[in-house]
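Worksheet: one structure, shown below.
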């Protein structure tokens, strides 16, 4: 059995599913800005989860609207709507994080979400007391590997792993020099280079040895 003394978690596809809420936010923004694009559906957005905002915008809106004006409205809508819409925690997330914390593990988060994404998540779910610190692309503009490295350096994390759900998460984790635990129940598929694979987050409490 493998144990780490700290864990850095992705948000979407790892700890919760908020795709339906994000679709509502994008579609309201499309309506308000008059962008002539198809409605954002769950299957379309699922494929883009974990991508920084610029990449999602290019895929969903592109040249159909002014980028700066659209993203300003999008962020305003997200800040207004997500505290109420929230998302759905995956089964076992709260109890698993509580148990890891009880065992003395240090818990962190790194996400490619918007500036208010992680604060909204932590408030909505009530998990804020368990998370020691976090970083997001929306706040500092850094990719995941740089944000993971920041946390590792600041807190001198010598026995940490990143838990995420996509191949991009895996690549960034390895670039930061950490082992990657693939949450295979999330949005990502075919993550061939993962060091560990879990089908339910509760398996972090009894993690199999490295593949």
### Task
Arrange 113, 23, 170 by Cβ neighbour counts within 10 Å, fewest through most, would you?
23, 170, 113
### the chain - mean residue ellipticity at 222 nm from DSSP helices (-39,500 (n - 2.57) per run, n ≥ 4, rounded to 500)
-12500 deg cm²/dmol
### Query
In degrees between 0 and 90, to the nearest 10, how far off the longest principal axis of the chain does helix 93-102 point, with axes built from Cα atoms?
40 degrees
### Nearest-ten-degree value, helix 144-155 long axis tilted from longest Cα axis of the chain
50 degrees
### Query
Hey, what angle do you get for helix 67-85 against the long axis of the chain, alpha-carbon based, 0 to 90 degrees rounded to 10?
60 degrees
### Query
If R0 is 25 Å, what FRET efficiency do you get for residue 210 and residue 99 from their C-beta distance, rounded to 0.05?
0.70
### Task
Work out, in µm²/s and without decimals, the Stokes-Einstein translational diffusion coefficient of the chain at 4 °C, 1.567 mPa s, Rh from Kirkwood over C-alpha pairs.
74 µm²/s
### Query
Can you tell me the Rg and Dmax of the range 19-85, counting just the alpha carbons, in angstroms?
10.8, 30
### Task
For the range 1-122, take the alpha-carbon Rg, divide it by the Kirkwood Rh, and send me Rg/Rh.
1.04
### Message
From the C-alpha coordinates alone, can you work out the Kirkwood hydrodynamic radius of the range 90-149, in Å?
### Response
12.2 Å
### Message
Please arrange 155, 162 by how many other C-beta atoms lie within 10 Å of their C-beta, fewest to most.
### Response
155, 162
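Coordinate-derived values only; no laboratory data. Since the model is a prediction, treat every value here as computed from it, not as a measurement. So basically every Cβ, Gly included, is an ideal-geometry build from the backbone, and we count neighbours across all protein chains shown.
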